[in-house]
Each structure stands twice: as structure tokens, then as C-alpha cells.
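Chemist: Okay, handing you the structure first.
The values are calculated or read from the model by the stated rules, or taken from the named source; none is laboratory data. Remember, predicted model here, so these are calculated numbers, not experimental data. Glycine gets a Cβ as well: all are built from the backbone with ideal geometry, and neighbour counts include every protein chain shown. We work out accessible area using only protein heavy atoms, side chains counted, and drop any ligands, DNA or RNA first. Shrake-Rupley method; radii C 1.70, N 1.55, O 1.52, S 1.80 Å.
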Amino acid sequence: MKKANGNEIIQLFESWAPKKLACMENDPIGLAIGTLNKEVTKVLVTLDVNEEVADEAIEKGCQLIIAHHPPIFRKLSNLRTDTPSGKLYEKLIKNDIAVYAAHTNLDVAEGGVNDLLADALELENREILEKTYSEHLMKLAVFVPVDHAEELRYVLAKAGAGKIGNYDSCSYSTAGTGRFRPLEGANPYIGDVGEIESTEEEKIEVVFPTSMKNRILKAMLNAHPYEEPAYDLYTLAQETNEYGIGRIGTLKETMTLRQFAEYVKERFNVPMVRIVGKENETVSKVAVLGGDGNKYIHIAKRAGADVFVTGDMYFHVAQDAQAIGLNIVDPGHHVEKVMIKGVKEKMTALCDGKLDVEFIESEVNTEPFIFI
């Protein structure tokens, strides 16, 4: 199997959780420390990066750390090695350990942090809590000789055009007559220089997400027999590739809020939770959002959630939730640790058969709170 370069590993990672999905302004995602332009045999996956995690990476021979929480969250005004953060950065650089951060893009990604949390709670009929990203569809209409139409449809479908919902290879064709006159210097596929030519053609129409525009056009131009293909591009009002923050779904069985709180403790392996609401009230529809979900209480309520599972709940926001009749279960911010196993498994699968690299789950507990 091929030796892995750091850039190749992150390219595969970003095929799953691309940076464009980040939904926080100026989210410091991407390469934070070091370089990816090197051979990587071991990658440590962690929620946070502190000095103990750095020591773990050194001990286990890792050249790269993939973290959920960015180690440099705000712009640095200096880089002093006599501060805790400066000592951490110095240790990582001296040991040639790169750190890549995937924050809200990993929250939003399909199979990312919020899906992993929803998986842990075994939520059914799952939907996005709030849409944060989507793309407009584009339509390509291209004119091609009838004898090349089938081949061009195949090439466009292979490039990813014509996928609508659970269907692919979707296209629409209309027959017509194309007319043109090749000028001096032309090398026409059909006809002669200086002579008006007409030929039976098909107009093939396919749709695709805006982000695929360059790939689709390149595939079409490479496969088209004409020296100068005639085509039209349209941006449609219809959107696709919808992603979002948080998830909402239903429990397999209705519970009381108290029972659900105990269930959350068990499923997330936490010693305690904070709750807002009446303990004997029944809950069935659950919204979940990893990290700090304070600004999403009204969104969760409008989505019909009986209870909202999120961390870092502020006192006055908890009162606001109580006032609008939204139950809260706060298991803390650290439940995002589910990403450690999730990222390891996903990246191991993505690299399988392609890159010779091992992904290792961090065993360091970065929870700052002690519960007594």
C-alpha cells in the first residue's frame, strides 16, 4: 500500500468534512501547526490538544494530530515559550507534529459530531436542526451530433451530472438540426471550410450542484467531438446538498424527562447532567447539538423538540427555555468526545486500500471539570 503524505490524508478528510461546511464566522479550521508536506504513518485523533495530548502523540510516534477544537482559537500577538500555550506549540513544532483542526465543518458534516451524538441517542426519523449550507443546482444544455449523444450522456453521468435524489444518470434530450459554417483555420468534425453545414443533433440537458461545474464542463469538452461545442449554462433556483448544524429526531420509546436524563448519562458516559423542566413530563422528540447550543433554543422549540440536548447552557438562557416550554438536558461540552472514535473509524475506512496510515484514538481525558 502507498505511503501516506499528510496532504493526501487531509484531502480524504476534507472529502468528508470540507471546510466550506464551517458555519461559524472566522472558524479557525484547517492546518494550525506544522506542515502536512511530509510522510505520515500515525495520526492521533483527539477532541482537544493540550500538553498531555502532545506527549501522547510523541510517545505513540504520531506525526499528525486531527482535533475537533482548534488549538489556536484566536489570532496570536506573540509566540512566547514561557506561557502554557507557547510551551505546547514549541513542543509540537520541535517534535515535528502537525495539528489539523476540524471544528464546525465536522459538526455539520454527514456522519460528523452531531450525527454521532444522535447515533448515541438512537434517534429515529432524523433531520437537520438548522440548515447552514446548500448549493444551487446548475443546468447544462449541450448540443451534440446524434451518433455521439449516448457516449456524451454516459460521460456526463460518470462525472456526476444528472443525480436527482435517489436517481442518477438523469437527462433530457430533444432532437433538432444544427447549422454552422467552418471558417478559415477551423478543423471541423462535420462539413467543409467555407460551406454552410447542417446536421441532426440532440440537445442534452443535465443538472448538477454548482460546486461540480468545472468537473462537468471539463468532462463534456473532452468527450465532445466538435472543435467548438455549443452549450448553455443556467443557475437554477432549486437547491441541493443541504447541510446543517444539530439534529432532531424521535426516541424509540417515550420517556419522562427524568428517565431521559438518566439515559443521556448512560449513552454519553457522563457522571451528571443538568436539566431544565419538569422531571415527570414525557419527551419523545429530541434535538441535539454538540458544544454550546445556547443560541439554538428557539430553533429547537420551533422544530417541535420536547427536549434539547446541548452543552454550556447559560443561566438566563435556561430561564428563557423554561419560559417557552422547552426542556433541556445539558451533559456538558465534553460529550463531543464521540468524534474521537467516529473520526478514527471514518478515516480508517477512507484510507483503506489507498494509504498506509494508522489512526489512533487519544486516551487523554481533556474534560476540565471534576464532578463531586
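Chemist: Is it fair to say Tyr100 is over 23 Å from Lys337 (Cβ atoms) and of a type in the set (Ser, Thr, Tyr)?
Modeler: Taking the combined requirement at face value, the residue does not satisfy it.
To keep it simple, each residue is scored yes or no on (1) closer than 19 Å to Glu127 by Cβ; (2) surrounded by fewer than 17 Cβ atoms within 10 Å (Cβ to Cβ).
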| residue | (1), (2) |
| --- | --- |
| Gly290 | yes, no |
| Ala300 | yes, no |
| Ala303 | yes, no |
| Val307 | yes, no |
| Thr310 | yes, no |
| Lys337 | no, no |
| Lys341 | no, yes |
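Chemist: Next up: With the condition kept exactly as written, say whether any residue in the range 84-95 is touching a helix residue (DSSP H, G or I) at 6+ places or on another chain (Cβ under 9 Å), among the basic types (Lys, Arg) and within 26 Å of Tyr296 (Cβ to Cβ).
Modeler: No, there is no match, as no residue in the range 84-95 is touching a helix residue (DSSP H, G or I) at 6+ places or on another chain (Cβ under 9 Å), among the basic types (Lys, Arg) and within 26 Å of Tyr296 (Cβ to Cβ).
Chemist: Kindly indicate which of Leu64, Leu47, Leu117 is closer than 15 Å to Phe359 by Cβ, touching a Gly at 6+ places or on another chain (Cβ under 6 Å), surrounded by 21 or more Cβ atoms within 10 Å (Cβ to Cβ) and of a type in the set (A, V, I, L, M, F, W, C).
Modeler: Only one candidate qualifies: Leu64.
Chemist: Given the structure, is Lys42 open to solvent by 50 Å² or more (accessible area, probe 1.4 Å), under 27 Å from Pro368 (Cβ atoms) and modelled with pLDDT of 95 or more?
Modeler: Here the answer is yes, as Lys42 does meet what is asked.
Chemist: Here's another thing I want to ask about it. Looking at Glu345, is it on the phi < 0 side of the Ramachandran plot and not in a loop (DSSP other than H, G, I, E, B)?
Modeler: yes
Chemist: For the range 157-214, what are the residues that are β-branched (Val, Ile, Thr), in contact with a strand residue (DSSP E or B) (Cβ under 6 Å, 6 or more places away or on another chain) and surrounded by 13 or more Cβ atoms within 10 Å (Cβ to Cβ)?
Modeler: Result: Ile190, Thr199, Ile204, Val206, Val207, Thr210.
Chemist: Are there any helices (runs of 4 or more DSSP H) wholly within the range 97-178 with 3 or more residues that are over 30 Å from Lys344 (Cα atoms), and if so which?
Modeler: The qualifying helices (runs of 4 or more DSSP H) are 146-159.
Chemist: Within the group Tyr296, Tyr234, which residue is in a strand (DSSP E or B) and either over 28 Å from Ala17 (Cβ atoms) or at pLDDT 95 or above (or both)?
Modeler: Answer to the check: Tyr234.
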